[in-house]
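Following: one structure in structure tokens, then a few remarks.
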Amino acid sequence: MSGRVIVITSGKGGVGKTTSTANIGTALAKNGARVAMIDTDIGLRNLDLLMGLENRIVYTLVDYIQEKCKLQQALVKDKKIPTLSLLAAAQTSDKTAVTAEQMKDICDKLKEDFDYVLVDSPAGIEQGFQNAIAGANEAIIITTPEMSAVRDADRIIGLLEANENIANYKLVLNRVRPKMIQSNDMLSVNDVTDILSVKLLGVIPEDENIIVSTNKGEPIVNMENARAGLAYNNIARRILGEEVPIPDFETPPPTFVDRIKNIFLTPVKI
Amino acid sequence: MKLLDRKITTKINDMISDLVATCSRVLSTEAKVNEEASYDSKDDAKNRLKLVLMHDRSQLTPCQMEQMREEMLDVISRYVEIDRDALDLCLEAETNTIALVANIPVVRAKNEEEIQNNIENVQEQLQEEVQETAGVQEDIQQEEAQEQPGHS
Ligand SMILES: Nc1ncnc2c1ncn2[C@@H]1O[C@H](COP(=O)(O)OP(=O)(O)OP(=O)(O)O)[C@@H](O)[C@H]1O
Ligand SMILES: [Mg+2]
């Protein structure tokens, strides 16, 4: 059985595509899947940094395309998880070094050996995006609850809809701040899924630990008890087919007084 | 003694009115601040987004909106006299639907004869246009072909 090729894309830059690729990839592998991650952001590669693999890269995607190495040689194994690999983007070449056909070819080859091929897409809707989706059958759209990011996500959804190779796509809402949603100063999870009329794969809270994890080159799913890490792990489990409910970020947690009230209001069974 | 009393009362009165003035000034600004804080900025975001996405998705350019406006004006003015500059055409988001809203101030209704004349004129014009259309369509196709590479 061949693997699933999932592109992670957003339209707007800086909303968390690379962070999501690193963490979903790591979480899937930790759950026992064989995973390859491809960084297609040629000239602006980052996925290697987030994975802490920057010193191990010898060959890149572009080297493979220019036949300087075999695909196996360009795949860098993760430090801890042997079933997790990274195909890095070239930092020096420019975007024209890769065509959509070549990308599709690479995805087709990788899905023979891996259960999941995650493709980290560059921002925008130009050639880099077209290359990233070329070999994909599924898509994860990342957005934040900000107007400009949501608008760009809508544009991406339109393009994915028109692409017959993409069988399904789902949304990940990143950098959610429950307190701001509760005070009605941030679009809520429901607002965003309503506006975009798209299925939700998961919600990632704003989490300072992500900066710490990036500093260390250690995906946040490897940190214990980090909220964003738990959320990414839940997303991986949903991709694997498990039913994991999405926690409610809209209603404020019960206050002390509420809890006391509840004690008195709960009917007592005799 | 009485004089002093009078003086004190006026002073006290002045002071009270001063105080009231100050208080109401402070209170009114405070009320304003509260009003702003309690206004839900996300509702604003949601409404603006719905509208902008409507435009994005409908793929109507501002130029096409303008053309639609002109065409509607032509049709309507066959039947009633309207203030052409005052026609306001826009997309509006309601709770669940998006509506095309036109506000058309009517100056005067036209009579039967005028309407009939207008319609006949239009029919003649249409016949002429049909002959021209073929040419125009070719132009459009050529333009689109030229635009394509820039879009992708
Ligand atoms: N949930 C979060 N909480 C806090 N910070 C976050 C979160 N998600 C992402 N960030 C931060 O946002 C920044 C951008 O993230 P990232 O590089 O993953 O985005 P991107 O979409 O890949 O960007 P680009 O479009 O440039 O490729 C990073 O500094 C990252 O640490
Ligand atoms: Mg990135």
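The values are calculated or read from the model by the stated rules, or taken from the named source; none is laboratory data. On a predicted model such as this, the values are computed, not experimentally measured, just so you know. When we count neighbours, we look across all protein chains shown, and the Cβ atoms used for this are built from the backbone with ideal geometry, even at glycine. The protein model used for the area step is the full one, side chains on, heavy atoms only, and it has no ligands, DNA or RNA in it. Shrake-Rupley method; radii C 1.70, N 1.55, O 1.52, S 1.80 Å.
Yes or no: A:Y59 among the hydroxyl-bearing types (S, T, Y) and either assigned to a loop (DSSP other than H, G, I, E, B) or within 16 Å of ligand 2 (Cβ to nearest atom) (or both)? Yes: the conditions hold for A:Y59.
Look through A:G43, A:G16, A:G11 and report the one residue that is within 14 Å of another protein chain (Cβ to nearest Cβ) and either within 12 Å of ligand 2 (Cβ to nearest atom) or within 27 Å of A:R151 (Cβ to Cβ) (or both). Within the list A:G43, A:G16, A:G11, the selection yields A:G11. Once region A:155-175 is narrowed to residues that are within 13 Å of chain B (Cβ to nearest Cβ) and touching a residue at least 60 places away in the same chain (Cβ under 8 Å), the residue that is nearest to ligand 2 (Cβ to nearest atom) is A:I156. Counting only helices (runs of 4 or more DSSP H) that sit completely within region A:109-206, those holding 1 or more residues that are open to solvent by 60 Å² or more (accessible area, probe 1.4 Å) and among the charged types (D, E, K, R) correspond to A:147-162, A:178-182, A:189-196.
Within region B:29-74, the residues that satisfy the criterion of being modelled with pLDDT under 80, small (G, A, S) and farther than 30 Å from B:V122 by Cα are B:A31, B:A37, B:S38.
Filtered by the rule that a residue be within 14 Å of chain A (Cβ to nearest Cβ) and either touching a residue at least 60 places away in the same chain (Cβ under 8 Å) or not hydrophobic (A, V, I, L, M, F, W, C) (or both), region B:52-86 gives B:H55, B:D56, B:R57, B:S58, B:Q59. Looking across A:L28, A:L49, one residue alone is open to solvent by 10 Å² or more (accessible area, probe 1.4 Å), touching a residue at least 24 places away in the same chain (Cβ under 8 Å) and not hydroxyl-bearing (S, T, Y). It is A:L49.
The set of residues in region A:1-33 that are in a helix (DSSP H, G or I) and more than 14 Å from ligand 1 (Cβ to nearest atom) comprises A:A27, A:L28, A:A29, A:K30.
Among the numbered criteria (1) within 20 Å of A:T19 (Cα to Cα); (2) within 16 Å of ligand 1 (Cβ to nearest atom), which single criterion is violated by A:Q127? It fails just one condition, (1).
Within region A:35-58, the set of residues being over 30 Å from A:R237 (Cα atoms) and in contact with a strand residue (DSSP E or B) (Cβ under 9 Å, 6 or more places away or on another chain) comprises A:V58 only.
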